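The values are calculated or read from the model by the stated rules, or taken from the named source; none is laboratory data. The structure presented is a predicted model; accordingly, all values stated were derived computationally and were not measured. No Cβ is skipped: glycine too gets one built from the backbone with ideal geometry, and neighbour counts run over all protein chains shown.
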Amino acid sequence: MNKSEYTPSSLGNSTLLETLEESLRSHELWGKKLIIGVSGGVDSMALLTALHELKQQLFVIHINYGLRGVDSDQDQELVEHLAQFYAFEVASFRLHYDSSFGNLQAWAREIRYQIFSELRREEAAEAIVLAHHREDVLETVFQKLFRGSSPVHWDGMKVWEEEQALFRPWLKHSKTELIDYAGISSVPYREDSTNAKSTYNRNWLRNEWVPMLNQRFPGWDEHLLDLGEYGRLLRSYQDQWAARCIRFHVDSNQHKVDLTELEPFSESVQLDRLKIFVEKHPLFRKEERLSRGQLNHLRGLIKAEPGKKVSVNEHLRVYRQRTCLLAMPDQTSTHATELIEQPGSNELLQKEPYTFQVLKGMNLLELAKNGPELYLDAHTVSWPLRIRDWKEGDRFTPLGMKGTTKMSDYLINNKIPLAEKPDYKILEDGNNSIIAVLFPTNKSKDISHYGIPSDQQKCTQATTLVLQIGLKSSIN
């Protein structure tokens, strides 16, 4: 690469550079080490050049998905050459998409941000810099509107996302400005030929809709971006309501909201406030989404009897109390999980109070003569195993059944007293499949077996390797 060929021109009065410097300084990123994802397209190559012009520390990442053959390899070569020319460290990753990964664009985005995040930690960088611009914001808002997103999300993208350390300094600038800067500064870049195809939603919006909207509704883009202000206003109201009405008990991780803040209001207000109430709890993960069904179940607690509850996830439940709703940790999910590694040949592995042993050459008649031990076909089991508490939503196929049933329904159908239900345990294998239910050990003298296997793990006449599960006391 010829140095004179790619030397950027003087900074002059470039608005893009002024915005970049101002944003770096205002977010306390000036002079800090940054990660930048560079595809080879005009957006990211322009940002790479601008950051070099401002003498910032960079670690450059390029991801080659291999979707366009030689073109993909040439993108990688260009990014590596320009990064090395600017004396930046650069790392390229070659990935291969498989249809089993699901939606291509969703997979690509997930793996891309995962790589960015891991490299940021390894390199001790302050932020991940992305070259998103004004049109990207518009397309994001479009998609959110079409998917029925809440108005609080209408602001599209943020310049700074602290949780993931994502930094987008050029959101207020148009694609045209980036192209003009690249031309003036002699920035080399490559066009992705797939951008001209309307296969993907973003391309379809860009290629089909936007030109028509520009012709029929001049100024539509400004009006669409103004929707973000309504989203920010709604979020402000929600935050004020949460600060005034949700009582936070940090020590016990309990959040309370009085029913008087829910009962008198319309369904839409109730659902909105319930959503805020749950999402403010630290055990609600931000990557989760409350479905409409979950919100309706939560709304049902407003008129329910005291003591009723709804599970939000494996860690969080909401309870109906006499005058309020209480969100708190699911106590059954805090118990430790016992891990059982595969026992060696003829080894009797003890995990209080259970024993595990793999036996060869046992037949069904011998199994039937033995006592209450639990027997599974060892060839159907993936190690290691886990013993854990059961939780709402657990499903398995009891011995002799064809379809699955909920663990809670299984206990009800077998008339298990309420006080004894937490004593039943789940046995999972290495594939997170429920392979057996273990009965309470303190009831072992009153039952004929120590548990029930899943039908997929039952022993048959073809079984040649048996996993025997017993109680420690039974071998004395």
I'd like to verify a number: residues in the stretch 425-441 that are under 13 Å from T380 (Cβ atoms) and in a loop (DSSP other than H, G, I, E, B), how many? 4
Look at the stretch 216-227 and say how many of its residues are over 15 Å from E135 (Cβ atoms) and surrounded by 13 or more Cβ atoms within 10 Å (Cβ to Cβ). 1
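Conditions tested, residue by residue: (1) among the polar types (S, T, N, Q); (2) more than 21 Å from R235 (Cβ to Cβ); (3) touching a residue at least 60 places away in the same chain (Cβ under 8 Å).
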{"residue": "P151", "(1), (2), (3)": "no, no, yes"}
{"residue": "D155", "(1), (2), (3)": "no, no, yes"}
{"residue": "W160", "(1), (2), (3)": "no, no, yes"}
{"residue": "K172", "(1), (2), (3)": "no, no, yes"}
{"residue": "D180", "(1), (2), (3)": "no, yes, no"}
{"residue": "G183", "(1), (2), (3)": "no, yes, no"}
{"residue": "V187", "(1), (2), (3)": "no, yes, yes"}
{"residue": "R190", "(1), (2), (3)": "no, yes, yes"}
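Any idea which of R273, R320 is over 20 Å from V152 (Cα atoms), charged (D, E, K, R) and surrounded by 16 or more Cβ atoms within 10 Å (Cβ to Cβ)?
Details: R273 fails: over 20 Å from V152 (Cα atoms).
Only one candidate passes the filter, namely R320.
Given the options D394, D377, D389, name the one that is closer than 24 Å to F356 by Cβ, in contact with a Cys (Cβ under 8 Å, 6 or more places away or on another chain) and either at pLDDT 85 or above or not assigned by TED's automatic domain parsing to the domain that holds K458 (or both).
Working: D394 fails: in contact with a Cys (Cβ under 8 Å, 6 or more places away or on another chain); D389 fails: in contact with a Cys (Cβ under 8 Å, 6 or more places away or on another chain).
D377 is the lone residue from the list that is closer than 24 Å to F356 by Cβ, in contact with a Cys (Cβ under 8 Å, 6 or more places away or on another chain) and either at pLDDT 85 or above or not assigned by TED's automatic domain parsing to the domain that holds K458 (or both).
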Could you tell me which of the residues P343, P264, P306 is in the same structural domain as I435 (by TED's automatic domain parsing) and either surrounded by fewer than 17 Cβ atoms within 10 Å (Cβ to Cβ) or assigned to a loop (DSSP other than H, G, I, E, B) (or both)? P343
From the list Y189, Y181, which residue is in a loop (DSSP other than H, G, I, E, B), of a type outside the set (A, V, I, L, M) and crowded, with 19+ Cβ neighbours inside 10 Å? Y189
Within the stretch 309-329, which residues are hydrophobic (A, V, I, L, M, F, W, C) and either touching a Lys or Arg at 6+ places or on another chain (Cβ under 6 Å) or assigned by TED's automatic domain parsing to the domain that holds W390 (or both)? C324, L326
What's the number of the condition A124 fails, among (1) more than 23 Å from G40 (Cβ to Cβ); (2) modelled with pLDDT of 90 or more; (3) part of a helix (DSSP H, G or I)? (3)
Counting only residues that are among the hydroxyl-bearing types (S, T, Y) and exposed (fewer than 13 other Cβ atoms within 10 Å of the Cβ), which one in the stretch 74-124 is farthest from L48 (Cα to Cα)? S100
Filter pass, L213 being free of Cβ contacts under 8 Å to residues at least 24 places away in the same chain, surrounded by 13 or more Cβ atoms within 10 Å (Cβ to Cβ), part of a helix (DSSP H, G or I) and hydrophobic (A, V, I, L, M, F, W, C): yes
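Rundown of residues vs (1) over 18 Å from Y189 (Cα atoms); (2) modelled with pLDDT under 95, yes/no style:
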position	(1), (2)
P8	no, yes
L11	yes, yes
S26	yes, no
L29	yes, no
S39	no, yes
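State all residues of the stretch 258-310 that are among the small types (G, A, S) and either in contact (Cβ under 8 Å) with a residue 12 or more places away in the chain or within 17 Å of E392 (Cβ to Cβ) (or both); if no residue qualifies, say none.
Of the stretch 258-310, the ones among the small types (G, A, S) are 266, 268, 291, 293, 300, 304, 307.
S291, G293, G300, A304, G307, listed by residue number.
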Can you spot a residue in the stretch 261-278 that is farther than 17 Å from H297 by Cβ and among the small types (G, A, S)? yes
T49 passes all but one of (1) at pLDDT 95 or above; (2) touching a Phe, Trp or Tyr at 6+ places or on another chain (Cβ under 6 Å); (3) not charged (D, E, K, R); which number fails? (2)
Could you look through the stretch 74-106, keep only residues that are part of a loop (DSSP other than H, G, I, E, B) and aromatic (F, W, Y), and pick out the one that is nearest to the chain's Cα centre (by Cα)? Y97
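Would you tally the residues in the stretch 60-73 being surrounded by fewer than 21 Cβ atoms within 10 Å (Cβ to Cβ), under 30 Å from the mean Cα position of the chain (by Cα) and either in a helix (DSSP H, G or I) or modelled with pLDDT of 95 or more (or both)?
1
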